[in-house]
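Working notes, beginning with the structure itself.
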Amino acid sequence: MLDIALAILASALIAYNNSVIVAGPMISIGVRRIFARLASGFSIALGALILGSAMRSSIACGSEAAIEAYISVILPTLLSTYFSIPFSASIGLIGASIGEGLSKGALDPLWLAQVSLLWLLSGVFLIMISLSLYIALRRILSLLQGQIWILGFSRIITTVISILSGILLGANTLGFLSSLECHRLLLPIAIGGLVAAIPSPALLEGVFRWFSVRHLSITSIGLSIVLAISIATYLGLPLSHTYALVFSLIGYSIASGVSMFSRRSILRLARTWIYSLAVGIGVTFILALIT
């Protein structure tokens with residue numbers, strides 16, 4: 001029972017914290033908040049339930065490994081949510097997998113190399129695809145200048161992309177969480193994802209409000225995130241939505257000339273990701289040694 005309770009709590013906190021990436025774009029273009037939140041929760045839960053099993057289980061997967069991983073991400077995610085800061089659960093869970101593998105001498109070097117290469121290439125891919133999509137869509141919009149119908153059409157596209165993003169968030173991040181226990185608790189973890197439907201404070205929605213009249217930006221950023229996470233999920237490897245969002249925004253900044261990040265903010269984000277990885281490794285390693 002303890003493992004089920006921790007699995008639901010961990011998935012609920014992760015879904016609630018990261019759901020702004022799903023609901024934020026819809027809210028920013030005028031979709032009613034209640035619909036955006038419901039679409040967020042149900043898409044995340046559906047993605048976990050249907051596609052979560054696509055995520056590879058490590059050779060060290062099992063009940064003990066999962067409980068240690070749940071504990072290693074619950075507190076950081078809870079604190080991040082309280083302070084309205086997005087927490088990269090995927091990074092914390094990767095750290096938990098590494099810590100578990102190190103403690104038992106069962107670290108899978110091939111899996112670690114594949115994940116590291118995926119994240120490195122994804123950063124470059126996200127910048128390039130976001131930049132290219134922005135330029136292509138800007139040219140299309142310039143040809144359709146003055147035609148109001150395109151705004152209504154872009155709202156539909158943005159809503160569809162956001163729901164796809166939610167499905168992939170459930171499939172990749174919650175699926176990765178489920179893989180730590182060999183997918184035995186996939187159903188409770190998917191149920192935890194429904195918490196994303198609960199109305200929340202502005203949790204990062206300000207970033208998306210800045211794009212409220214920039215449907216072009218929302219579309220290019222959303223599409224690049226969906227493409228990157230789709231590839232990662234197909235490969236069965238974890239990739240953070242927060243990471244994908246940041247690198248998509250960098251690509252947008254290069255293409256549009258509008259700077260979204262200062263050097264200090266980029267360093268702060270990198271430091272947060274390093275801390276998340278260290279917490280995942282440290283907590284899981286210590287718990288594994290104790291138990």
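The values are calculated or read from the model by the stated rules, or taken from the named source; none is laboratory data. None of the values given here were measured: they were computed from a predicted structure. Positions of Cβ are backbone-derived with ideal geometry, glycine not excepted, and every protein chain shown enters the neighbour counts.
Laid out as a table, the results:
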{"read-out": "Flag if F247 is among the aromatic types (F, W, Y), within 23 Å of N17 (Cβ to Cβ) and either at pLDDT below 75 or surrounded by fewer than 20 Cβ atoms within 10 Å (Cβ to Cβ) (or both)", "value": "no"}
{"read-out": "Every pair of residues 6+ apart whose Cβ atoms lie under 9 Å, when the first sits in the range 147-176 and is of a type in the set (K, R) and assigned to a helix (DSSP H, G or I) while the second is modelled with pLDDT under 95 and surrounded by 15 or more Cβ atoms within 10 Å (Cβ to Cβ)", "value": "R155/M26; R155/I29; R155/V31; R155/H215"}
{"read-out": "Test set (1) surrounded by 15 or more Cβ atoms within 10 Å (Cβ to Cβ); (2) under 16 Å from Y134 (Cβ atoms); (3) among the small types (G, A, S) - S240 fails condition number", "value": "(2)"}
{"read-out": "Leading residue by the ranking (modelled with the highest pLDDT) among those in the range 84-104 that are in a loop (DSSP other than H, G, I, E, B) and not small (G, A, S)", "value": "F87"}
{"read-out": "Among the residues listed as L117, L102, L126, L164, the single one being under 30 Å from L46 (Cα atoms), surrounded by fewer than 18 Cβ atoms within 10 Å (Cβ to Cβ) and not β-branched (V, I, T)", "value": "L117"}
{"read-out": "Extreme residue, modelled with the lowest pLDDT, among residues of the range 68-83 that are under 18 Å from the mean Cα position of the chain (by Cα) and among the β-branched types (V, I, T)", "value": "T81"}
{"read-out": "Residue selected from the range 1-42 under the condition in a helix (DSSP H, G or I) and of a type in the set (S, T, Y), by the criterion farthest from L78 (Cα to Cα)", "value": "S28"}
{"read-out": "Any hit, the range 269-282, residues being farther than 23 Å from L112 by Cβ, over 19 Å from the mean Cα position of the chain (by Cα) and at pLDDT 75 or above", "value": "no"}
{"read-out": "Residue satisfying all of: in the range 182-220; within 16 Å of L141 (Cα to Cα) and either part of a helix (DSSP H, G or I) or touching a His at 6+ places or on another chain (Cβ under 9 Å) (or both); modelled with the lowest pLDDT among these", "value": "H215"}
{"read-out": "L107 vs. criteria assigned to a helix (DSSP H, G or I) and either under 30 Å from I286 (Cα atoms) or of a type in the set (A, V, I, L, M) (or both)", "value": "no"}
{"read-out": "Leading residue by the ranking (nearest to S58 (Cα to Cα)) among those in the range 81-99 that are among the polar types (S, T, N, Q) and surrounded by 23 or more Cβ atoms within 10 Å (Cβ to Cβ)", "value": "S97"}
{"read-out": "Selected residue (only one of L174, L186 is under 26 Å from S220 (Cα atoms) and not polar (S, T, N, Q))", "value": "L174"}
{"read-out": "Candidate set: the range 27-39, residues that are at pLDDT 85 or above and aliphatic (A, V, I, L, M); chosen: the one surrounded by the most Cβ atoms within 10 Å (Cβ to Cβ)", "value": "A36"}
{"read-out": "Matching residues, the range 226-244, being part of a helix (DSSP H, G or I) and at pLDDT 90 or above", "value": "V226, L227, A228, I229, S230, I231, A232, T233, Y234, L235"}
